[in-house]
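The values are calculated or read from the model by the stated rules, or taken from the named source; none is laboratory data. It should be emphasised that the depicted structure is a prediction, and the values quoted were computed from it without experimental measurement. Using ideal geometry, Cβ is built from the backbone for each residue, glycine included, and neighbour counts are taken over all protein chains shown. Remember, those area values only see protein heavy atoms, side chains included, never the ligands or the DNA or RNA. Shrake-Rupley method; radii C 1.70, N 1.55, O 1.52, S 1.80 Å.
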Protein chains: 2
Amino acid sequence: MVSISGVLAAASIFTLSAAQTFQRLGGCPTLGCVLPPDQTDFLAGQYFDIRLEVHAPVNGSEANGGVPDPNFAFTIAKANGPAQPAATYFKVPEPELERWNFTWYEDLFAQDAHAPSVVRVTSKAYRRVALYEPGEYVATLTYYNGTKTVANWIVRPLQQQKKAKNVILFIGDGMTTNMITAARLIAHKSINGKYQSTMMMDKFPVLGHQMTHSLDSYITDSANSASALYSGHKSTVNAMGVYADSSPDLFDDPKVETIVELLTRVWGSAIGVVSTAFVADATPIALTGHSRSRYAYGALIDQALRGVTNYTWTKFSGPDVFFGTGAEQFLPGSGSYQGKDYYAEFSSAGYSVSLNKTSLLSASNTSKALGIFSTSTLPVWLDRNVYKENLETMKNDPSGNKKPALDLPGLKEMTLKAIDILHARGGDKGFFMMSEAASIDKQMHTLDYDRALGDLLELDDTVKATVEKLKAMGELNNTLILVTADHGHGFDVFGSADTKYLSSQTNDRDKRNAIGTYASSGLSQYTITNASISYNTGVNFPVNWDPRYTLAQGVGAMPDHRENYRVHKDGPRLPATNISGHASNDYYANPKDNTDGFIVNGTIPTNEAQGVHSLTDVPVFAMGPCQELFGGVYGNIDIFFNMANCLGLARADNATGSAAEMAPNGSTTTVPATGAAPKNGIQRGLTVGMLVFQLAIGWVAFNL
Amino acid sequence: MVSISGVLAAASIFTLSAAQTFQRLGGCPTLGCVLPPDQTDFLAGQYFDIRLEVHAPVNGSEANGGVPDPNFAFTIAKANGPAQPAATYFKVPEPELERWNFTWYEDLFAQDAHAPSVVRVTSKAYRRVALYEPGEYVATLTYYNGTKTVANWIVRPLQQQKKAKNVILFIGDGMTTNMITAARLIAHKSINGKYQSTMMMDKFPVLGHQMTHSLDSYITDSANSASALYSGHKSTVNAMGVYADSSPDLFDDPKVETIVELLTRVWGSAIGVVSTAFVADATPIALTGHSRSRYAYGALIDQALRGVTNYTWTKFSGPDVFFGTGAEQFLPGSGSYQGKDYYAEFSSAGYSVSLNKTSLLSASNTSKALGIFSTSTLPVWLDRNVYKENLETMKNDPSGNKKPALDLPGLKEMTLKAIDILHARGGDKGFFMMSEAASIDKQMHTLDYDRALGDLLELDDTVKATVEKLKAMGELNNTLILVTADHGHGFDVFGSADTKYLSSQTNDRDKRNAIGTYASSGLSQYTITNASISYNTGVNFPVNWDPRYTLAQGVGAMPDHRENYRVHKDGPRLPATNISGHASNDYYANPKDNTDGFIVNGTIPTNEAQGVHSLTDVPVFAMGPCQELFGGVYGNIDIFFNMANCLGLARADNATGSAAEMAPNGSTTTVPATGAAPKNGIQRGLTVGMLVFQLAIGWVAFNL
């Protein structure tokens, strides 16, 4: 519980609770902020920073005449023990006082009136500390003459024994149970209600549900949900590896150590990152990134290669495998950090560099490996395997030559090659790999259900091939395999659509009568062989993507659009376009999309071009050592804690499992002991790359 | 696999596959039908009927000049053993040949043209047979000079040992993971992303997913999905306890024995049926009902009391507890079977009869108990506990006096009282209870999300109270508790709605800007105590149902409607009305619903007044003996098989576990041995009650 006392508390709380969807600062419902906030769980020995802020709103809910307290105090107490000043407790010098101002809107009316509230801030940050003893802690910020913000922290029970040699974490971005159900229906044959084959996920022995909420909003994005999975700490939308503070610097927010950093430091295992997204995208980059903004792409790629460099932090020198797309952050130019050539930067650091499937498959298994196979996101499975002609119109070659990238691996090829490399490089120290099917989410956003389900089936096919490969290698019993998601979309199937009938009708209401519900939903026609179909996409995928009777499917949250429930053969769908001529974005149904369909008007703000994430708990499928930890219902942070316990990553003191002791591949770098002073105080300046980014997204937008 | 040979097969298959959502007969894709069909699983010793049909379509895909084969043959072979005529195999006389005609539409174009296809049928039915030996069977229908329909059947491995004394099956009708997530959000407080309490379901140790598809359509209704849960046999939409055949009689379809019938026959345990629906509704009545039509309410109530009487079948003489609503089928009149007074019928059979909560709570625990607490469906939790004034305008007293029923129990009171009775009556023989939260589904149909989630929370509160009660009774460790659903609705939450801002805007597009997505979804305000709120709904329910910032939520399948995302204080929502003046139903947004909201146009046929069921797998939460059987992903029929195995209901021969051996409460009724001839051949006449029903729903409608 956050306890509040003092004369100013009541008024400020009232204001905040009346406008709770617009928050001054997430994790901080009072005028004194402790980050990590109340109710935070820690792994014993996990590095983290602490940020304290005292707020003085200038208008609206004023505090202390608009003057933030420069003399706040902060103490730590273990269990019912004595409270000690934090600098004493952690044996660090007292941090310097920082000051800044920020603004926020109290609600939509204030936003419409362009009337932001100004807040003045005093702050301190303690860098790279850790709690080693399991149990309860009380962190107390005292400000404004005795007002207190109390954060109750818990260090989870110690588990130092390594039970799994390897962990593979598959993430179907945005993947829900509903989508798995639909994918199974179109890909697996059924006779009289009995499936003749099922998804690989369906065969996993243990099933759980994870709650995906962020720290300060019940709908999450992929950055902070990935961060929760990787670090055990929920954060704010768009943030990763940090608790978002209110300062202008996107890279000074209080950090938390990720599983990749812990595993490198404690055991020196090999690390693999594989995604069908651009590798700077939230899900892959949150393994190593520490920033309030997922959009600082270039700088986050630099963090992936070199670790955190602006503050003392645990050492990290790049994953062993880094496969995906997003050449924009590697080609020298406006998209790359400081304009540098990151192919060259990775190559200098000892990486093989592959820009196509042929090169990927022939890359050394003993060197670190970078594979960047296109600009932007990888073309989806449906375009790579069925509607291949759509690839030829693209200018996505990762060399930047503006030609189409045609020699493309899929998630399966990337993942299987990654296992070869990780197995060779990890050796007895094992490996951790995150493999992401990113376009389940991306295609659900644009209501392109076929492409989303195609990539979900590609994920399942990859999981199946992974299990088979590990079995053949003799590593299956050593490997914890998890298949889960980071959040959902409110998707479901509600019947069938007779596309012939729908297209033949001339008005929108009559077109809707093409939908067959209940008994008239009938049976899936995606699994019926049709001699006129030229593509053969093998087992466990639909044999006909364009039957007369298709799935009638959709979401509850969408922009204006038109539905005809047919596959989009000409390329990924664009459901809504900004055709109003307004200066601000104002989206209507794309007049070129599904021209024979009927209009469905949107349910979300008209400046949203795409559907949005949803609330639902998402499934967790587990197999291998520690699988029993993943049954039932729990929070997304518990995935981290369970993986960390299975890997024995908790540490009772700072003398064990240091990078010096267990550095990967025999390196002998050392890490300063916990409690070292921050390097050169606080770095507040933004680099060129970060500044470009910040101007692009705008400061007011962040404050929303 | 259904194997087909013969000259007529190719043409008919082509026609059917081109119009698969309109099926001539579910489970029968060829001209020869075997019910139970190919891929059927059986419990060893479970009673069932067999229906054979040979079809001769007169137009469309003609067969044999429109003359159905009267000389078809049917054989059974165990594993690779010899095929024997079924009458020989089962030691029953050869059934009489039956004949009828039926019609169906090949697709929507044929329906628009009012051009049904006529099919002539020859048929036989074998009544009350069983397979006692586990393993594979081949059932072969030979017709039209050598054309064959082959059904592969499996009798599951024998498990005769009883591992659980009691089984309680909670069904949240239509309940999905998405809804549980939303209910948790509005009822349980969270601090910085960590819940301070969670749902009782969340605490169950084992989680599974069940696939809900029906036999012949991928979207199910509650009748055939309940039937799959209770019997291990999927059926057709609207059917229960039978495989739907094409004959006009709604009560001659081939039956399958339910868990209630098996448990009564084998162990003589006490049986409880509890629902917030009318007790003749699909989910409660499918425990004992055997009919192709869930709408034959009166006759199904008679079956609940007396068991099947028109054919030789296992004896059943009413559940020990029968609690719910639906006085229409009990008051003498047009809604009751043969116009009789079913309060009197049950009373004559030894039941206590309660018509209100006071009477319920004081009813004897040693007598069988009927409790009917209102007409129609029970008013929902939100109206019973928060907006109580809505009860006073109703005319739903179960006595039929047209006054409001105000002394109402909820699901919790009914369920806890049921446990007292079942515990007393079952004694050492234990009990089985199904307890249904029906209005999760009913209120989702009408897009009344608050009422649906309220009843979901009532279910969870009931589960919690049940666990506590069983623990206090010393029965918790003897009781397998399952919480699951029968199907879903495509519901999810996608943000928050600033209802004040929404209401203040004057056009639909501007109103949509009240929706807060991602970070702007903020935190749940349903859990924030507000001094102006007069109701107190206790723990684990929202403390404020009408906050300014509400859940923005919805479904993908809906009629035209208007959304403002506020609770409907004046009573359950009616989202769409038939205002067009057309003779046929043609639904538009109800002009009286959410008048300050924005229009969302529908995605389903315009003759649908409500949202429809969806595809998604639904969760299964398990606790108690045999809980380990319920992890992972499986079919809905596996719930039956797992419960049956846990209860040791399989039988290796017809000499064990007969009603004579194990009759409940010392009764000494005997059941004829398996293989007895059907009583008086085939009963084809419809009773008065059934006929009234059949005219009401129409024959063509059934054929769709």
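Every test in (1) open to solvent by less than 20 Å² (accessible area, probe 1.4 Å); (2) not small (G, A, S); (3) not assigned by TED's automatic domain parsing to the domain that holds B:V463 is passed by B:Y518 save one, and that test is (1). So which residues in segment A:645-655 are open to solvent by less than 20 Å² (accessible area, probe 1.4 Å) and either of a type outside the set (A, V, I, L, M, F, W, C) or within 24 Å of B:T181 (Cα to Cα) (or both), if there are any at all? A:G648, A:R651 - these are the residues of segment A:645-655 that are open to solvent by less than 20 Å² (accessible area, probe 1.4 Å) and either of a type outside the set (A, V, I, L, M, F, W, C) or within 24 Å of B:T181 (Cα to Cα) (or both).
Comparison of A:T309, A:T220 shows that the only residue that is outside the structural domain of A:P37 (by TED's automatic domain parsing) and crowded, with 24+ Cβ neighbours inside 10 Å is A:T220.
Say whether the condition of being more than 10 Å from chain A (Cβ to nearest Cβ), under 25 Å from A:E563 (Cβ atoms) and of a type outside the set (A, V, I, L, M) is met by at least one residue in segment B:543-562. Yes, the conditions are met somewhere in segment B:543-562. Annotation note: of B:V242, B:V167, B:V256, the sole residue that is touching a Lys or Arg at 6+ places or on another chain (Cβ under 6 Å) and more than 10 Å from chain A (Cβ to nearest Cβ) is B:V242.
Inclusion of A:D420 among residues that are assigned to a loop (DSSP other than H, G, I, E, B) and surrounded by fewer than 24 Cβ atoms within 10 Å (Cβ to Cβ) is not warranted. Scanning for something within 30 Å of A:F74 (Cα to Cα), open to solvent by less than 20 Å² (accessible area, probe 1.4 Å) and either free of Cβ contacts under 8 Å to residues at least 24 places away in the same chain or at the interface with chain B (Cβ under 7 Å from one of its Cβ atoms) (or both), does segment A:198-213 turn up at least one residue? Looking for residues that are within 30 Å of A:F74 (Cα to Cα), open to solvent by less than 20 Å² (accessible area, probe 1.4 Å) and either free of Cβ contacts under 8 Å to residues at least 24 places away in the same chain or at the interface with chain B (Cβ under 7 Å from one of its Cβ atoms) (or both), one finds at least one in segment A:198-213, hence yes.
If you go through segment B:462-477 and keep only what is more than 14 Å from every other protein chain (Cβ to nearest Cβ) and not charged (D, E, K, R), you end up with B:T462, B:A465, B:T466, B:V467, B:L470, B:A472, B:M473, B:G474, B:L476, B:N477. In the condition set (1) of a type in the set (S, T, Y); (2) more than 17 Å from A:S293 (Cβ to Cβ); (3) more than 10 Å from every other protein chain (Cβ to nearest Cβ), A:S190 is compliant with all but (3).
Can you report the number of residues in segment B:170-185 which are more than 10 Å from every other protein chain (Cβ to nearest Cβ) and either more than 30 Å from B:Y243 (Cβ to Cβ) or at pLDDT below 95 (or both)?
Initial filter on segment B:170-185 (more than 10 Å from every other protein chain (Cβ to nearest Cβ)): B:170-175, B:183.
Next, only the ones that are either more than 30 Å from B:Y243 (Cβ to Cβ) or at pLDDT below 95 (or both) stay: B:183.
Residues flagged as more than 10 Å from every other protein chain (Cβ to nearest Cβ) and either more than 30 Å from B:Y243 (Cβ to Cβ) or at pLDDT below 95 (or both) within segment B:170-185 amount to 1.
Do the conditions hold for A:Y588, that is, is it at the interface with another protein chain (Cβ under 10 Å from one of its Cβ atoms) and more than 28 Å from B:S520 (Cα to Cα)? Considered against the rule, which asks whether it is at the interface with another protein chain (Cβ under 10 Å from one of its Cβ atoms) and more than 28 Å from B:S520 (Cα to Cα), A:Y588 comes out as no.
Please state which one of A:L447, A:L459 is within 13 Å of chain B (Cβ to nearest Cβ) and within 16 Å of A:V380 (Cβ to Cβ). On inspection, the qualifying residue turns out to be A:L447. The numbered conditions (1) open to solvent by 10 Å² or more (accessible area, probe 1.4 Å); (2) under 17 Å from B:N310 (Cα atoms) are all true for B:W267 except (2).
Entry remark, segment B:425-448: residues being closer than 30 Å to B:E608 by Cα and either among the acidic types (D, E) or open to solvent by 10 Å² or more (accessible area, probe 1.4 Å) (or both) number 7 in total. Evaluation of A:Y565 against the conditions (1) modelled with pLDDT under 95; (2) in contact with a helix residue (DSSP H, G or I) (Cβ under 7 Å, 6 or more places away or on another chain); (3) open to solvent by 20 Å² or more (accessible area, probe 1.4 Å); (4) within 14 Å of chain B (Cβ to nearest Cβ) shows that the sole unmet condition is (3).
Select from segment B:478-515 the residues that are open to solvent by 10 Å² or more (accessible area, probe 1.4 Å), part of a loop (DSSP other than H, G, I, E, B) and more than 9 Å from every other protein chain (Cβ to nearest Cβ) and list them in ascending order. Scanning segment B:478-515 gives B:Q505, B:T506, B:N507. The residues of segment A:629-644 that are more than 10 Å from every other protein chain (Cβ to nearest Cβ) and either free of Cβ contacts under 8 Å to residues at least 24 places away in the same chain or open to solvent by 20 Å² or more (accessible area, probe 1.4 Å) (or both), listed by number, are A:L629, A:D638, A:N642.
When the residues of segment A:36-46 are narrowed to those that are touching a Phe, Trp or Tyr at 6+ places or on another chain (Cβ under 9 Å) and farther than 10 Å from A:A139 by Cβ, which ends up most open to solvent (accessible area, probe 1.4 Å)?
A:Q39
Of all residue pairs spaced 6 or more apart or on separate chains, those with beta-carbon atoms under 6 Å, a first member in segment B:362-377 that is assigned by TED's automatic domain parsing to the domain that holds B:E413 and in contact (Cβ under 8 Å) with a residue 24 or more places away in the chain and a second member that is among the small types (G, A, S) and part of a loop (DSSP other than H, G, I, E, B) are B:K368/B:G350; B:A369/B:A363; B:S374/B:A405.
So which residues in segment A:229-243 are farther than 12 Å from B:N192 by Cβ and either small (G, A, S) or open to solvent by less than 10 Å² (accessible area, probe 1.4 Å) (or both)? Can you show your working first?
Narrowing segment A:229-243 to residues farther than 12 Å from B:N192 by Cβ: A:229-232, A:237-242.
A:L229, A:Y230, A:S231, A:G232, A:A239, A:M240, A:G241, A:V242 - these are the residues of segment A:229-243 that are farther than 12 Å from B:N192 by Cβ and either small (G, A, S) or open to solvent by less than 10 Å² (accessible area, probe 1.4 Å) (or both).
Given B:A701, B:A622, B:A663, B:A696, which one is assigned by TED's automatic domain parsing to the domain that holds B:L480 and either surrounded by fewer than 19 Cβ atoms within 10 Å (Cβ to Cβ) or at pLDDT below 95 (or both)?
Working: B:A701 fails: assigned by TED's automatic domain parsing to the domain that holds B:L480; B:A622 fails: either surrounded by fewer than 19 Cβ atoms within 10 Å (Cβ to Cβ) or at pLDDT below 95 (or both); B:A696 fails: assigned by TED's automatic domain parsing to the domain that holds B:L480.
The match here is B:A663.
Yes or no: A:V121 at pLDDT 95 or above and either open to solvent by less than 10 Å² (accessible area, probe 1.4 Å) or in contact with a His (Cβ under 7 Å, 6 or more places away or on another chain) (or both)?
Working: at pLDDT 95 or above: yes; either open to solvent by less than 10 Å² (accessible area, probe 1.4 Å) or in contact with a His (Cβ under 7 Å, 6 or more places away or on another chain) (or both): yes.
Yes: the conditions hold for A:V121.
Summed over segment A:516-534, residues that are in contact with a Phe, Trp or Tyr (Cβ under 8 Å, 6 or more places away or on another chain) and in a loop (DSSP other than H, G, I, E, B) total 6. In segment B:150-184, how many are open to solvent by 10 Å² or more (accessible area, probe 1.4 Å), touching a Phe, Trp or Tyr at 6+ places or on another chain (Cβ under 9 Å) and farther than 19 Å from B:F630 by Cα? The total comes to 2.
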